[in-house]
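Below is one structure, written out as structure tokens; comments come after it.
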Amino acid sequence: MKFYTEGGATGDSGVFYLGHWVTRHFGWPFRIQSMADIGIDAEIEICEDDNRSTSIIVKAQVKSTQNALTEDFSVYVSKEHLAYWTNMPLPVMLFKIDIVTKNIFYKIVSSYDDIYPTEKGYRINFAEYSGNHLTHLIRIPGIVCPG
């Protein structure tokens, strides 16, 4: 008998919530990568205020939790995942979503900021908790259009 695990449900909830949030608050297309997901969950197409596409696409990897996030938290990823994301020709953002509080945080993976090697892979720090909240997404230079 097959089961839909709690971890699978938590992961799906985070991806669906991010899509809802991006579409509702920014009005931008959010495309879930449902076919052959090997390390990217979705893509976000950035639009101007009048809904014209900027032709900028950002790839999104979502990590979800049902545990409260503290002020400083980290996400651990394998060497293979980090290599995959940093070799992408498009920017990759790692999202951490607390599906209980509905807080969404992000990190631009391709920038290598706050990424540290460990024995098994890499630790990606989300040290500036409030500065990485998704409401600041429009202010990311070089990735989204000036807002």
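Below is a table of values for the structure above.
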item	result
For ASN103, residues with placed amide H under 5 Å, excluding near neighbours	ASP98
At R0 = 25 Å, FRET efficiency that the Cβ-Cβ distance of ARG31 and TYR4 yields, to 0.05	0.65
Binned Cα-Cα distance frequencies in the stretch 6-139 - 10 Å width, integer %	12, 44, 37, 6, 0
Per-residue HN-Hα couplings for the stretch 92-104 [Karplus 6.51, -1.76, 1.60; θ = phi - 60°; Hz; x = Gly/Pro]	10, 10, 9, 10, 10, 10, 8, 6, 7, 8, 6, 7, 10
Coarse-grained scattering of the stretch 66-107 at q = 0.16, 0.26, 0.34 Å⁻¹, given as base-10 log I(q)/I(0) from a Debye sum over alpha-carbon atoms	-0.52, -0.95, -1.22
The stretch 1-53: trypsin sites (Lys or Arg not before Pro) in DSSP coil with no more than 16 other Cβ atoms inside 10 Å	LYS2, ARG52
Cα-centre dipole for the stretch 6-139 with unit charges at Cβ (Lys and Arg positive, Asp and Glu negative), debye to 20	80 debye
Distant-in-sequence amide H partners of GLN33 (H built 1.01 Å from N, under 5 Å)	ALA42, GLU43
³J(HN,Hα) computed for each position of the stretch 19-24 - Karplus, 6.51 cos²θ - 1.76 cosθ + 1.60, integer Hz, glycine/proline x	x, 4, 5, 4, 5, 6
For the stretch 108-123, 3J(HN,Hα) per residue [Karplus equation, 6.51 cos²θ - 1.76 cosθ + 1.60, θ = phi - 60°, Hz, x = Gly/Pro]	7, 5, 5, 8, 6, 5, 6, 10, 10, x, 10, 4, 9, x, 9, 10
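Computed from the coordinates by the stated procedures, all read-outs in this text should not be read as laboratory data. Bear in mind the structure is a predicted one, so any value in this text is a computation, not a measurement. Virtual Cβ from ideal backbone geometry, glycine too; neighbours counted across all protein chains shown.
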